[in-house]
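The next block holds one structure in the form of structure tokens; read it before the comments.
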Amino acid sequence: SATAALRLEAIGKEGIKVLKTGLESKDAEVRFYSAEALAYLDDASAARPLAEAARNEPAFRVFALTALSTMDDVAAADELKALLEVASAETRYGAFRALWGMNPHDPAIAGENLHDKVSLHVLTSSAPPMVHVTRSVRPEVVLFGGDQRLNVPLTLEAGKSIIVKGESPELVSVSRFTVNEPDRRLTVTNRVEDIIRAVIEIGGHYPDVVHLLHSAKHSGALAGRFEVDALPRAGRRYDRVQGAEDPSRDERPSEDSLEVAGGLPNLFGRRTVESNLPDTDATEAPAQAPSRGQ
């Protein structure tokens with residue numbers, strides 16, 4: 001089915017009718033490969049089955065999200081926005097990255113540039129709150145849920161020279177103490193986004209923000225989920241025996257499984273941007289981008 005879909009895609013518009021027939025198949029692989037080919041032909045009918053594949057089958061996820069990000073159709077954007085609400089951390093963040101690749105100025109995911117040090121994205125979400133940071137590609141914090149707050153009282157470090165302290169129910173002081181420089185202090189609300197802005201405003205950097213968030217989660221001050229590089233990845237094997245009924249199942253393949261074929265552009269590749277982040281592998285190499293169909 002992968003080879004047939006690729007060849008039909010190569011034919012062009014004349015192959016769309018047959019590929020749409022593949023969308024009606026009872027076989028998940030046939031549906032996925034048909035939808036992937038249709039996406040690269042920018043046919044709107046690919047959007048929903050690709051979103052279903054991303055939601056339900058980890059082996060298909062990275063390729064489905066990549067294909068959706070290439071489409072110039074509102075249906076693809078709508079399906080990706082719906083995936084921002086699912087339980088899976090990598091599906092939520094993968095959908096964000098796909099939307100960002102599609103249009104970084106989309107109001108649903110557009111970020112705020114904080115002094116060219118970090119891009120802060122605050123997303124409206126009804127799903128359980130989550131904070132995501134990266135160790136690669138670019139300095140970025142994504143808040144899934146806009147009104148996330150740190151529990152007070154608290155005293156946390158943000159790097160070596162910044163202290164975040166909260167004693168009142170809703171106010172937090174962010175202070176920076178550096179040798180041969182005047183002390184700096186800001187008082188803000190206990191909202192996570194306001195504290196991040198304050199850390200940067202008084203001279204902090206991205207690693208300081210990540211350190212703060214990591215410490216907040218470890219201490220219990222951050223109630224929501226905290227994830228680092230929750231990226232969907234290639235190389236998983238699709239289990240034909242179990243199928244795709246439980247996306248949270250153990251990913252160990254059975255004997256009757258196969259590695260999913262597909263092209264993986266740099267959308268989900270990794271390029272190290274900081275070497276001093278907590279729990280960081282500074283030697284992480286860039287992902288190679290195989291050609292379409294490889």
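The values are calculated or read from the model by the stated rules, or taken from the named source; none is laboratory data. Remember, it's a predicted structure, so these values are computed and weren't measured experimentally. Here Cβ is always computed from backbone atoms with ideal geometry, including for glycine, and neighbour counts include all displayed protein chains. For accessibility, only protein heavy atoms count, side chains too; no ligands or nucleic acids. Shrake-Rupley method; radii C 1.70, N 1.55, O 1.52, S 1.80 Å.
Descriptive notes on the structure:
- Hey, Asp208 touching a strand residue (DSSP E or B) at 6+ places or on another chain (Cβ under 6 Å), over 14 Å from Arg149 (Cα atoms) and surrounded by 13 or more Cβ atoms within 10 Å (Cβ to Cβ) or not: yes
- Subset tally (residues that are of a type outside the set (D, E, K, R) and farther than 17 Å from Ser69 by Cα) for the range 8-50: 14
- Residue in the range 95-115 that is open to solvent by less than 10 Å² (accessible area, probe 1.4 Å), closer than 18 Å to Asp229 by Cβ, part of a helix (DSSP H, G or I) and in contact with a strand residue (DSSP E or B) (Cβ under 7 Å, 6 or more places away or on another chain) present: yes
- Qualifying residue in the range 157-166 (condition: closer than 29 Å to Ala87 by Cβ, open to solvent by 10 Å² or more (accessible area, probe 1.4 Å) and touching a helix residue (DSSP H, G or I) at 6+ places or on another chain (Cβ under 7 Å)): no
- Of all positions in the range 207-221, none carries a residue that is within 24 Å of Arg138 (Cβ to Cβ) and in contact with a Lys or Arg (Cβ under 8 Å, 6 or more places away or on another chain).
- Counted residues, the range 2-26 - those being open to solvent by less than 70 Å² (accessible area, probe 1.4 Å) and part of a loop (DSSP other than H, G, I, E, B): 3
- Condition met for Ser126 (touching a residue at least 24 places away in the same chain (Cβ under 8 Å) and either open to solvent by 60 Å² or more (accessible area, probe 1.4 Å) or farther than 30 Å from Leu99 by Cβ (or both)): yes
- Condition check for Pro153 on (1) more than 29 Å from Glu90 (Cα to Cα); (2) open to solvent by less than 40 Å² (accessible area, probe 1.4 Å); (3) not basic (Lys, Arg): one failure, at (2).
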